[in-house]
1. Restricting to DSSP loop positions (anything but H, G, I, E, B) with no more than 16 other Cβ atoms inside 10 Å of their own Cβ, which trypsin sites (Lys or Arg not before Pro) remain in region 1-33?
2. Hey, with R₀ at 51 Å, roughly what FRET efficiency would residue 311 and residue 224 work out to, going by the Cβ-Cβ distance, to 0.05?
3. So how far, in whole Å, is the C-alpha centre of region 308-325 from the one of region 156-194?
4. Would you mind checking 230/301; 146/304; 32/173; 78/339; 230/267; 148/321 for any pair whose Cα atoms are more than 28 angstrom apart?
5. Exactly which GluC sites (Glu not before Pro) in region 181-271 are in a DSSP loop and have at most 11 other Cβ atoms within 10 Å?
6. How about region 126-212: which trypsin sites (Lys or Arg not before Pro) there are in a DSSP loop, with at most 16 other Cβ atoms within 10 Å of their Cβ?
7. Using the charge dipole of the chain (Lys, Arg: +1 at Cβ; Asp, Glu: -1 at Cβ; taken about the Cα centre), state which of 331, 295, 132 has its Cα farthest towards the positive end.
8. Check which residues have an amide H placed less than 5 Å from residue 91's amide H, if you skip close sequence neighbours.
Amino acid sequence: MNSGRTIFAQIMDYLPTYEFRQCVERYAGNYKVKSFSCWDQFLSMAFAQLTYRESLRDIQACLRAAKQKTYHMGIRGKISRNTLAHANQTRDWRIYADFAQVLIREARQLYANDSFGIELEQTTYALDATTIDLCLSLFPWAAFRKNKGAVKLHALLDLKGNIPTIAFITSGKVHEVNILDKLPIEAGAIYIMDRGYLDHARLYKMHQSAAYFVTRAKSNARYNRCCYQKIDKTTGLRSDQVVTLYGYYARKDYPERLRRIAYYDEKQNKNMVFLTNNFTLPAITITEIYRKRWQIELFFKWIKQHLRIKAFYGTSENAVKTQIWIAISVYVLIAIIKKQLNLEQSLYTILQIVSVTLFEKIPLLQALTDAEVIEENTEDNNQLNLFN
């Protein structure tokens, strides 16, 4: 990298600008725009994410203070709180959603050969959702409870690299299981889900698409046992059965056989029962696969703590979705840089270094490798293992 350019400009060099222009043209994002383009908007919002800005006024003050450097950062338009607010409110959020998918495809290719702790031939995904609370008086379109507003971020996480491959932003009232209707199913892949996604009819559609699922069984569920398989109880397994669902409507929704695995977790002193349509993998492997579902919980916790998706710069639905998608783009961009530069630091450390060196004019690799490594306290934040 050119040492005469700022760290911020060097980071933005990893963005595919041609694909960004395609996304903008697809939704006419720059239609009748004279000075503050979609690219300026994206860079300003990315700056806010990387430096933890609290508000639009905060973004304006910081960028105007470095007015002589913003041009070399790639921001050509005049930075104004009102201009940025108007851009977030009116420019189609799908521009940034599509661009995030471009970055996600690149990141998945980079992390395709990584291991997530279990050697499997199939691609393995974790599916879950998190609720982002909003003030109902400021966000009346996001009604969730009587006196509470919220949106839900649904994500499908590729466990190789912990990259969010697909994300949906919905009203807080939308139940998680409804996302299975929108989810494109990849044949041969394994989908890990909690009990909130236990809908027999939808799971059967996934089964018919030649995909596998691993989920928790409900405590009151009843089954017809077809046969038992041998297990090693020293591993924590309690049973490995082939079953069919009990009841007319249950069998109508899922008419084929399922595999029911009972497992005792000694560390948590907890009995768990898993359901899957995979009959080839060892039972203990199925339990280990489900344990990896925790990675998506850590992903949600991580982005809520280290990116700006809990406090918003605008109150419209378009502004909220724009900010969330740009936050996801920044997350994936830092993951791409980490991989391409072969960095050993955690994502947290990289973000901390970047946040205080954005205006420095030194090579990016030097800034990230010469700095003293500062690891976050991991006693109660295991999410920092995401990119270790």
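A short reminder: the numbers here are calculations on the coordinates, not readings from a lab. Here the structure is a predicted model, which means the values were calculated and not measured. As a convention, Cβ positions derive from the backbone with ideal geometry for all residues, glycine included, and neighbour counts pool all protein chains shown.
1. Taking region 1-33 and a limit of 16 other Cβ atoms within 10 Å, the loop trypsin sites (Lys or Arg not before Pro) found are 32.
2. So the FRET efficiency works out to roughly 0.50.
3. Answer, in whole Å: 21.
4. Pairs exceeding the cut-off: 230/301; 32/173; 78/339.
5. Loop-located and lightly packed - 256, 266.
6. 146, 173, 182
7. Value computed over the given set: 132.
8. Those lying under 5 Å, H to H, from residue 91: there are none.
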